[in-house]
Amino acid sequence: MLRRISLGTLGLSVGSILTLVGFAAYAANNATLNLVGFFYGFPLLLGGLALKANELKPIPFSEPTTPSVLLLREQQATVTQNKIRKDITRYCYGQDAHLDAALSYLGLSPTDETRPEVTSLRETETNGAYTLILEFDSPEISISEWQQKQEKMTKYFGPGVEVKITQPDEDIIELALITLKEESTANS
C-alpha cells in the first residue's frame with residue numbers, strides 16, 4: 001500500500017495545507033499556528049516539490065494476475081523476480097528510469113535517449129513455471145542486440161531463472177524471466 005503512494009504528492013499536499021494555515025494564522029495574529037505553518041509547512045512543500053521533480057511512476061500490469069499465477073509466484077518466484085516486480089511497481093526517486101542500472105550493466109543503454117523503457121509487466125505461467133514478463137519500448141535497440149545479451153542476462157537475473165526474449169510487435173521487446181522449476185525457491 002505505501003509503495004503506491006507518491007511521497008512527492010503527499011509532501012506537496014501536507015506542505016501546502018500547513019503553509020496556508022501559516023499564512024492564515026499570520027493574518028489572524030496567531031503566532032503559534034503561524035510558526036507551525038511556516039516552520040513545518042514550507043520545508044514540506046519544498047521537499048514535496050523536489051521529490052515530485054525526481055519521481056518515477058509505478059509501471060502498470062498489462063493484464064491482471066490470476067489466482068493460480070499468484071500461487072505459483074508464492075511457491076516458485078526467485079528473490080530477483082520478486083525484487084524486480086516490487087521495485088518497478090512502486091514510486092521511485094532519484095533514478096533516470098526503471099531498471100536503468102541493470103540495462104546499463106547489460107549494455108542495452110548506451111545513452112539516455114536510446115535506453116529501452118519498461119512500459120508494463122505481467123505475470124503468467126510457462127509450462128508450470130512462474131514467469132515474470134517485462135515489456136519494453138525499444139525503438140533504438142534491435143531484437144538481435146537484445147539476444148546477443150541473453151547469456152549475460154541469464155547470469156545477471158539468475159540463478160534459477162531462464163531468460164527468453166521475444167518481439168511481439170515492432171519496437172516492443174518482451175523479456176521473460178522464467179523460474180527453473182528444479183531450482184525454484186519460495187522467497188517473497
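The values are calculated or read from the model by the stated rules, or taken from the named source; none is laboratory data. Since the model is a prediction, treat every value here as computed from it, not as a measurement. Note that we place each Cβ from the backbone using ideal geometry, even for glycine, and neighbour counts take in every protein chain shown. Side chains are part of the model used for accessible areas, which takes the heavy atoms of the whole protein and leaves out ligands, DNA and RNA. Shrake-Rupley method; radii C 1.70, N 1.55, O 1.52, S 1.80 Å.
The GNM of the chain, with springs linking C-alpha atoms under 10 angstrom apart, assigns the highest mean-square fluctuation among T166, T119, T89 to T166. Determine, from the Cβ-Cβ distance of A27 and R4 and an R0 of 30 Å, the FRET efficiency 1/(1 + (r/R0)^6), rounded to the nearest 0.05. Taking R0 as 30 Å, the efficiency between A27 and R4 is 0.20.
Highest-first packing order for the peptide set 34-42, 132-140, 54-62 is 132-140, 34-42, 54-62, based on the mean count of other beta carbon atoms within 10 Å. In this structure, the residue pairs whose Cα-Cα separation is over 29 Å, taken from K57/K181; K86/K155; K52/K155, are K57/K181; K52/K155. Think of a 1.4 Å ball rolled over the protein heavy atoms: the chain then has 56 Å² of accessible area per residue. The modelled label-to-label distance between D137 and K164, using points 7 Å beyond Cα along the C-beta direction, is 2.6 nm.
Since only A101, G47, I141 are under comparison, the one whose Cα sits farthest along the positive direction of the charge dipole of segment 46-152, derived from C-beta charges on Lys, Arg, Asp and Glu, is G47. Measure off, as a whole percent, the carbon and sulfur share of the 1.4 Å-probe accessible area of the chain, all protein chains present. Looking at the chain in its full context, I get 57 percent from C and S. Subtracting the Cα-Cα distance of D96 and K83 from 0.36 nm times their residue separation leaves 2.8 nm of extension gain. What is the distance in Å between the Cα centroid of segment 11-50 and that of segment 83-136? Between the Cα centre of segment 11-50 and that of segment 83-136, the gap is 38 Å. Taking a ≥ b ≥ c as the square roots of the eigenvalues of the Cα gyration tensor, segment 64-188 is classed as prolate, since a/c reaches at least 1.5 and a/b is larger than b/c. Extension gain, E63-D112: 0.36 nm per intervening residue step, less the Cα-Cα distance, totals 14.8 nm.
For the chain, relative contact order (Cα pairs under 8 Å, six or more residues apart, normalised by length) works out to 21 percent.
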